[in-house]
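These notes concern the structure reproduced below.
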Amino acid sequence: MSDFYKDILTGVVFVTGLLGFVSGEFIISSTLFAAAAIASNVNLNRKRAHAGHMQCE
């Protein structure tokens, strides 16, 4: 899956979480926000590692 599609999927999960929050589904929206945050961080770390910008100190 390309980075573009991963970013689109993360955005869709975030927007779905936002709509769930507005409609009152707080547990589901919290789970979707957490999934979007984890996916975003994983994608960002993979992009940095691929570009050679990871630093281990």
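The values are calculated or read from the model by the stated rules, or taken from the named source; none is laboratory data. Please read these numbers as outputs of a predicted model, since none were measured by experiment. Methodologically, a virtual Cβ is constructed for each residue, glycine included, from the backbone with ideal geometry; neighbour enumeration extends over all protein chains shown. These accessible areas exclude ligands, DNA and RNA; they are computed on the full protein's heavy atoms, side chains included. Shrake-Rupley method; radii C 1.70, N 1.55, O 1.52, S 1.80 Å.
Any idea how many residues of the stretch 7-33 are out of contact with any Leu (no Cβ under 9 Å at 6 or more places or on another chain) and open to solvent by less than 50 Å² (accessible area, probe 1.4 Å)?
Matching residues across the stretch 7-33 total 3.
For a quick check of your reading of the model, give me the residue pairs whose first member lies in the stretch 28-52 and is free of Cβ contacts under 8 Å to residues at least 60 places away in the same chain, whose second is open to solvent by 90 Å² or more (accessible area, probe 1.4 Å) and part of a helix (DSSP H, G or I), with beta-carbon atoms closer than 6 Å and at least 6 apart or on different chains.
What qualifies is 29/21; 36/14.
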